[in-house]
1. Give me the residue from segment B:56-81 that is of a type in the set (D, E, K, R) and loosely packed, with under 15 Cβ neighbours inside 10 Å and, out of that set, nearest to B:Ile129 (Cα to Cα).
2. Could you check, for segment A:102-115, whether at least one of its residues is over 30 Å from B:Val6 (Cα atoms) and either open to solvent by 10 Å² or more (accessible area, probe 1.4 Å) or within 13 Å of another protein chain (Cβ to nearest Cβ) (or both)?
3. Please tell me if A:Ala137 is touching a helix residue (DSSP H, G or I) at 6+ places or on another chain (Cβ under 7 Å) and more than 7 Å from chain B (Cβ to nearest Cβ).
4. Can you find a residue that is in contact (Cβ under 8 Å) with a residue 60 or more places away in the chain and within 14 Å of the chain's Cα centre (by Cα) anywhere in segment B:100-115?
5. Could you identify the single residue in A:Ile121, A:Ile94, A:Ile80 that is open to solvent by less than 40 Å² (accessible area, probe 1.4 Å), more than 20 Å from A:Phe13 (Cα to Cα) and under 17 Å from the mean Cα position of the chain (by Cα)?
6. Conditions: (1) within 12 Å of chain B (Cβ to nearest Cβ); (2) small (Gly, Ala, Ser); (3) in contact (Cβ under 8 Å) with a residue 12 or more places away in the chain. A:Gly99 meets all but one. Number of the miss?
7. Exactly one condition in (1) open to solvent by less than 40 Å² (accessible area, probe 1.4 Å); (2) in contact (Cβ under 8 Å) with a residue 40 or more places away in the chain is not met by B:Ile28; state its number.
8. Which condition number does A:Asp78 fail, the rest of (1) at pLDDT below 95; (2) within 11 Å of another protein chain (Cβ to nearest Cβ) being met?
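The values are calculated or read from the model by the stated rules, or taken from the named source; none is laboratory data. Not measured: the values here are computed from a predicted model. Positions of Cβ are generated from backbone atoms using ideal geometry, with glycine treated the same way; all protein chains shown enter the neighbour counts. Heavy atoms of the whole protein, side chains included, go into the accessibility calculation; ligands, DNA and RNA do not. Shrake-Rupley method; radii C 1.70, N 1.55, O 1.52, S 1.80 Å.
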Amino acid sequence: MKVLLVCSSGGHFKGLQQLHPFWENHERVWVSFRTATTESALTGERVYWAYSPTNRHLPNLCRNLLLAFQVINKTRPDLILSTGAGVAVPFLIIGKLFGSQTAFVESVTRIQTLSLSARLILPFLSVLYVQWPQLQARYPQAELIIPQETL
Amino acid sequence: MILVTVGTEQYPFNRLMSWVEVLLQTEIIQEEVVVQYGNSTILPAGARVYRFLKEEKFQELINQARIVIAHCGEGTLLLLDSLDKPYILVSRSHKYQEHVDNHQVELGLSLSQINVPVAWSPGDLVRFIHEPRKVSVSDVSQATAIALCHSLQSRFEQTATDLTVGVSR
């Protein structure tokens, strides 16, 4: 399975890195923002650098939309997985339209309300994961991740 | 030394900067203070300030610090929680235009409930500075990552196999 991993830098990147037991078994392509941290962590990985900032930033949304189209058209991923935030929006929408499965993990920092990114892409998601019961109660279509004991 | 960090968020966090400045001016804090202020526009007088820090330098400062005061962001939380250093979080509030919305306040409230130190006022900071404590949430987030990986595997690897034999779910 070919997986496209999309996230911004900082906490969202850390969150996606923590899911390595899943993605390390698959052929993968990354999309993130170029920072000292992401650059060193993604050495040897196939990476496309997206445009930041994305918070309410229209020109960069257009740039990332174009990038999303190019990357998805070229790589044709089976699954697009994101831990947020804004940069995920164009990739998940275009990916869904191109026939990819789409998964979005809402940040652990979201307790009562979904992020704007999650609300925008909700109709285009195969699955939305949330980490708090209060949030799942408000969005019953979301899947609640219940922490498990280490196996 | 006390390290104050507000991450790389595009919004200022001037409220925290002012709190730190007041504690320095009133000499409630008498040790060295290093501040990574990001996009804040007020800088606490009397502190050593950096706008952004390279990962290495940041790690070095955390190691040197006695305690860390940080904004309530996910990345910062995950990082601090993986270290053996007392930290206290201060939530960015939507009301003061410190973030796009109020999720840091919501997170702060939830973390308070599991005893993670969160400061809602300069007084909370003062108490923590004099009596730091360390409470971990990392076991939870590690366990969450494992649960997520399981779910992703069963959901998508199964689906991918099904699709190859022409069965749709």
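1. Ranking the qualifying residues of segment B:56-81, first place goes to B:Arg66.
2. Yes, there is a match, as at least one residue in segment A:102-115 is over 30 Å from B:Val6 (Cα atoms) and either open to solvent by 10 Å² or more (accessible area, probe 1.4 Å) or within 13 Å of another protein chain (Cβ to nearest Cβ) (or both).
3. Spelling it out, it is not the case that A:Ala137 is touching a helix residue (DSSP H, G or I) at 6+ places or on another chain (Cβ under 7 Å) and more than 7 Å from chain B (Cβ to nearest Cβ).
4. Checking segment B:100-115: not a single residue is in contact (Cβ under 8 Å) with a residue 60 or more places away in the chain and within 14 Å of the chain's Cα centre (by Cα).
5. Being open to solvent by less than 40 Å² (accessible area, probe 1.4 Å), more than 20 Å from A:Phe13 (Cα to Cα) and under 17 Å from the mean Cα position of the chain (by Cα) holds for just one of A:Ile121, A:Ile94, A:Ile80, which is A:Ile94.
6. (3)
7. Failed condition: (1).
8. In the conditions (1) at pLDDT below 95; (2) within 11 Å of another protein chain (Cβ to nearest Cβ), A:Asp78 misses (1) alone.
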